[in-house]
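What follows is a short report on a single structure.
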Amino acid sequence: MTKQNISIQSKLPSTGISIFAIMSKMAADYKAINLSQGFPDFNCSEELIELAHKFMKGGMNQYAPMPGLPSLRKIISDKILKLYKADYNFETEITITAGATQALYTAISAIIHSGNEVIIIEPAYDSYVPAVIANGGVPIYSEMTDGGFTINWSDVSKKISKKTKAIIINSPHNPTGSVISEIDIKMLEELTEGTNIFIISDEVYEHITFDGLPHISISSSAELKKRSFVISSFGKTFHATGWKVGYCCAPEYLMNEFRKLHQFIVFAVNTPVQYAYAEFLLNENNYLRLNDFYQKKRDLFLQSISGSRFKTEPARGTYFQLLDYSKISDQNDMEFSEWLTKEIGVAVIPLRPFYSKNNSQKLIRVCFAKKDEVLLQAGKILKSI
């Protein structure tokens, strides 16, 4: 029998295993404290678990409606209206998704065709570019300003062309912990007014901002709302990343296209968990107190490394904190992260994978969504370097 060689042309030839999986495995292999991958090491609310259990026991275990439970979409609509003064029709403009990553991929797939350009603001979460490329799009990179990690609108403006189809915004921002301002909203309005450019806004950390700073949603701008997909995540808000439930909001003409793809990617999302979230959201304190909860953890961690050789600028949002190690080592961020994990016993994330090209900044990202005793232990180790 003649041996047949079978080959496949990869849609993502340069994509490998994510840095989050690599560093979490390294943490496990070397028994290091894992401050790398962005997930809590504490459980979600017992009340929320009991609600999910109640609906499972109650027989709510079959397919939910394709767009999501009406009761959940309705309370999301009410929440957005109250917080951001943005009105979304829960029947036609909100869809429940299998996490924010699926929502991002579906939104990108809905609007990007071969040759379309998408402006990616770097450092950027690692799912954006692969989704653009897989859909035949062309990523166009614009770096944030050094130090403060604000959007360089002058550079973004230069990157816009006749081929620009979308701009991806992320605030609160992973990995830098920065947040956008009203000035950013105005700049984005000016750049997109009168164009066919869409906005994909990743707002999964919307309820985690610090020091009295509000989260400014893209949906709060009438001009931007009409051209935007706004995406959020219950996993980040309620410490349940493994449940993989998020949502997307968009004007009806965009949501129609989103749902065409959504129905063939996942069709429907975990039914009893949707029921649980719908009931849990009735108590606003379950998400409005999240800022204080995580600010205490941020401050505890920063206090634990106070006086160390790391330089810090307190994160303004998310549950990530950047550390500048330029006074400690000349290694690049990947080498330093490996050294910290293997030799010092604390796993972190380098910033290099968030850029399209090698980045020379001496910065690493730590996740402080951890138990207080873990943060204090890690801080003591880092302070000793």
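The values are calculated or read from the model by the stated rules, or taken from the named source; none is laboratory data. Computed from a prediction, not measured in an experiment: that's the story for all the values here. Methodologically, a virtual Cβ is constructed for each residue, glycine included, from the backbone with ideal geometry; neighbour enumeration extends over all protein chains shown.
In the set (1) part of a helix (DSSP H, G or I); (2) of a type in the set (Ser, Thr, Tyr); (3) farther than 21 Å from Asn174 by Cβ, Ser308 fails one condition alone, (1). Scanning the stretch 331-349 for residues that are surrounded by fewer than 21 Cβ atoms within 10 Å (Cβ to Cβ), outside any helix (DSSP H, G or I) and in contact (Cβ under 8 Å) with a residue 24 or more places away in the chain turns up Asn332, Gly345. With respect to being closer than 21 Å to Thr241 by Cβ and touching a helix residue (DSSP H, G or I) at 6+ places or on another chain (Cβ under 9 Å), Gln321 fits the description.
Taking every residue in the stretch 277-303 that is within 12 Å of Ala315 (Cα to Cα) and pairing it with any residue that is part of a helix (DSSP H, G or I), at least 6 positions away or on another chain, the pairs with Cβ-Cβ distances below 6 Å are Phe301/Leu375; Phe301/Gly379. Screening Ile344 on (1) in contact with a strand residue (DSSP E or B) (Cβ under 8 Å, 6 or more places away or on another chain); (2) more than 23 Å from Ile17 (Cα to Cα) shows it passes everything except condition (1). The single condition among (1) under 25 Å from Ile197 (Cβ atoms); (2) surrounded by fewer than 22 Cβ atoms within 10 Å (Cβ to Cβ); (3) in contact with a Ser or Thr (Cβ under 8 Å, 6 or more places away or on another chain) that Ile218 does not meet is (2).
Considering Lys25, Lys11, which residue is assigned to a loop (DSSP other than H, G, I, E, B) and modelled with pLDDT of 90 or more?
Lys11
Entry remark, the stretch 314-329: residues being part of a loop (DSSP other than H, G, I, E, B) and touching an Asp or Glu at 6+ places or on another chain (Cβ under 9 Å) number 4 in total. Taking (1) assigned to a loop (DSSP other than H, G, I, E, B); (2) touching a residue at least 12 places away in the same chain (Cβ under 8 Å); (3) under 22 Å from Leu322 (Cα atoms) in turn, Asn196 satisfies each apart from (3). Among the residues of the stretch 218-258, those that are among the polar types (S, T, N, Q) and under 24 Å from Lys297 (Cα atoms) comprise Ser232, Ser233, Thr237, Thr241.
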